[in-house]
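The block underneath contains the structure these notes are about, expressed in structure tokens.
The values are calculated or read from the model by the stated rules, or taken from the named source; none is laboratory data. Since the model is a prediction, treat every value here as computed from it, not as a measurement. Note: ideal-geometry Cβ built from the backbone for every residue, glycine included; neighbour counts use all protein chains shown. All accessible areas refer to the heavy atoms of the entire protein, side chains included, with ligands and DNA or RNA removed. Shrake-Rupley method; radii C 1.70, N 1.55, O 1.52, S 1.80 Å.
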Amino acid sequence: QMLLVTELQNCLLECTVQPDKTIAKYGRSDRTTCSEGIPDYQTKNTDCAMSADLVCDGESECPFFVSSSVLGDPCVGTFKYLEVKYVCQCYSSLVTCEGSISHIQCENGVIYVSSAKYGRRDRRTCSTGITDDQRRRTNCSTRANYVFRRKLTFSSVFGDPCIGTYKYLEVNYRCQR
């Protein structure tokens with residue numbers, strides 16, 4: 001899929017599943033793209049596109065503002081645009097409550113983890129038998145960047161993003177051949 005956004009616009013990269021293989025370019029590489037109503041002198045420089053880093057953290061929606069103050073200015077005085085090419089991949093999700101054990105298995109291929117978060121993001125997930133106090137804090141998760149090869153205690157590996165709150169690990173993955 002492709003997304004084209006002019007300078008000084010809000011944008012939302014959206015997939016029904018998580019975006020994968022995102023390539024973004026900011027600047028100007030031709031005179032015609034996004035040039036309607038723009039003076040000629042602001043579209044002359046066509047050799048000023050640079051790659052742009054979009055940090056979506058494996059989310060299916062990724063809002064951002066397109067501007068030189070956010071992305072850098074590869075060509076001062078030129079009207080720029082952001083061109084994003086991305087592939088939406090289908091991922092499986094696994095939630096493991098604190099103190100529990102889960103297994104991810106691929107019949108053919110290897111496991112590719114697109115994102116993993118540890119903490120608590122809502123009151124419903126992993127709430128059975130848990131007091132209200134232990135699930136009150138919901139905006140306290142951290143990225144989990146570890147591969148497990150043995151049994152480990154979650155907090156000893158990821159730290160404790162919300163002390164006194166019952167947490168869970170959310171892993172989004174796919175089997176890759």
So Arg123 ticks every box in (1) at pLDDT 85 or above; (2) in a loop (DSSP other than H, G, I, E, B); (3) among the charged types (D, E, K, R); (4) touching a strand residue (DSSP E or B) at 6+ places or on another chain (Cβ under 9 Å) but one. Which box is left unticked?
(4)
Does the range 57-67 contain any residue that is open to solvent by 80 Å² or more (accessible area, probe 1.4 Å), out of contact with any strand residue (DSSP E or B) (no Cβ under 6 Å at 6 or more places or on another chain), at pLDDT below 90 and under 19 Å from Cys11 (Cα atoms)?
no
Restricting to the range 68-112, and then to whatever is outside the structural domain of Thr125 (by the TED database) and at positive phi, can you tell me which residue is least open to solvent (accessible area, probe 1.4 Å)?
Gly72
